[in-house]
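This report refers to the structure that appears directly beneath it.
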Amino acid sequence: MNKKCCLITLFILTCIISGAQNVGSSPEYVKALTSEWKGERFPDGRPKVSDVLLERLKNISIEEAWGVLRNRGYQNQYESDWHIINPEVPMTGRVVTAQYMPLRPDLEKYVKDQGKAEGRAQQGGTNSWPIDVLVEGDVYVADSYGKIVDGTLIGDNLGNSIYAKTKRGVIFNGSVRDEEGLSEIEGFNGWIRGSDPSYITQMSLTSINAPIRIGRAVVLPGDVVLAKKFGIIFIPAHLVEDLVITSEVTALRDEFGHQRLREGRYKPGEIDSRWSEEIRKDFLNWLSNYPGKLPMTKEELDNYFKERNW
């Protein structure tokens, strides 16, 4: 009987431990959050959007990206009013999320105990844990609830570590310290709410790669970010390819329309409304003789026009 009771107790404890809330989301949870993505994934479950698309995305305007997402029903993916370390340099990448909260001792103890069980570093603060999981092409995105004084998530030491791993930078709904040192890391960039010389205190990490809110934007792990001096767009991974090609074609249509309006070939109302068959044929001919390299392949362009109603 005693042996049976011991086995039951062990079973219950195993269930409790296995059901504990992880600091870092499981790959299965991340896959469930991003189930509409059908391509390659990282071991942590995040969608692996191609480097080629990340590079092409840099040339897309915030307005174009916003318009595509809004037309797809995603109306809460934009946030503005940032302090930017290098405002003239755009940044794209795959999102790793982190959530911070004001420190509560019992919750902090649980997070540290759980982090130890997950094999996370026990030296230093929990603000280093998201950095440990970064890989090249990632952007570290954190919600630290806008805290500036005593809310500095990184300084130049952690900034160097982030850039060494990602060749990117950070987006913090919060602050950093030693912005001068961060600005001297070649290639590093950051969209932040402010900076302060104080050290992080009275705040705690609560999750990695779980859904977070950045201002009015909803952000999931594996989203792709487009960050420019005019704001930030967080793009669901499964929409990136369509957004890029749609935005590229929109930019070409605008270029064509502006040129034809300057030439006086069409009236503004003809360009601003649904195009006639004459304008459509003129545009396709203009594309065929485009005086430069188109941003997309001919196959991509042909597939795009097959599925679009002019």
Given a Förster distance of 45 angstrom, what is the FRET efficiency for Glu28 paired with Ser183, based on the Cβ-Cβ distance and rounded to 0.05?
0.70
Placing +1 on the Cβ of each Lys and Arg and -1 on the Cβ of each Asp and Glu in the range 51-235, which of Val149, Met203, Gly222 has its Cα farthest towards the positive end of the resulting dipole?
Gly222
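Would you kindly state how much longer the chain becomes between Glu270 and Tyr290 on full extension, computed as 0.36 nm times their sequence separation minus their alpha carbon distance, in nm to one decimal?
Values: separation 20, 0.36 × 20 = 7.20 nm, distance 2.17 nm.
Residue separation times 0.36 nm, minus the Cα-Cα distance, leaves 5.0 nm.
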Among the DSSP beta bridges whose two residues both lie in the chain, what percent are antiparallel, rounded to the nearest 5?
60 percent
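Quick one: net charge of Asp178's neighbours, Cβ under 13 Å, K/R +1, D/E -1? Please report the intermediate quantities before stating the final value.
Working: positive: Arg177; negative: Asp156, Glu179, Glu180, Glu184, Asp196.
Computed value for this residue: -4.
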Search the structure for amide H atoms under 5 Å from the amide H of Val139, placed 1.01 Å from N in the peptide plane, and list their residues when 5 or more places away or on another chain.
Arg94, Val95, Val96
For each of Ser25, Ser35, Ser128, count neighbouring Cβ atoms within 10 Å of the residue's Cβ, then give the residues from fewest to most.
Ser35, Ser128, Ser25
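Any idea what the dipole of the range 175-310 comes to, in debye rounded to 20, about its Cα centre with Lys/Arg Cβ at +1 and Asp/Glu Cβ at -1? Provide the component values of the computation, followed by the final result.
Numbers: 18 positive and 22 negative charges, 99 e Å.
Magnitude of the dipole: close to 480 debye.
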Of the residues Thr34, Gly181, Thr297, the Cα lying farthest along the dipole of the chain towards its positive end, which is defined by charges on the beta carbon of Lys, Arg, Asp and Glu, belongs to Thr34
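Grab the DSSP H runs of the chain that are 4 residues or longer, score each as -39,500 (n - 2.57), total them, divide by all residues and round the 222 nm result to the nearest 500 deg cm²/dmol. Numbers along the way, then the final one.
Numbers: 12 runs with 124 residues, N = 310.
-12000 deg cm²/dmol, from helical runs alone.
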Could you give the length gained by full extension between Val149 and Asn59, i.e. 0.36 nm per residue of separation minus their alpha carbon distance, to one decimal place?
28.9 nm
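Determine the dipole magnitude for the chain: charges of +1 sit on the beta-carbon of Lys and Arg, -1 on that of Asp and Glu, nothing else is charged, the reference point is the Cα centre, and the result goes in debye to the nearest 20.
Details: 39 positive and 43 negative charges, 181 e Å.
So the dipole magnitude of the chain works out to roughly 860 debye.
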Please compute the net charge surrounding Pro27, taking Lys and Arg as +1 and Asp and Glu as -1 over other residues with Cβ under 10 Å from its Cβ.
+1
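If each residue's Cβ is checked for other Cβ atoms within 10 Å, how do Met101, Met91 rank with the fewest at the top? Display every interim value, and only then the final one.
On the way: Met101 16, Met91 24.
Listed from fewest to most nearby Cβ atoms, that is Met101, Met91.
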Give the total of Lys-Lys pairs in the range 51-235 with Cα-Cα distances below 22 Å; include a pair only if its members are 8 or more places apart or on different chains.
10
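Each value in this text was obtained by applying a stated rule to the coordinates, not by laboratory testing. Everything numeric in this text was worked out from a predicted model, so none of it was measured. With ideal geometry, Cβ positions are generated from the backbone for all residues, glycine too; neighbour counts draw on all protein chains shown.
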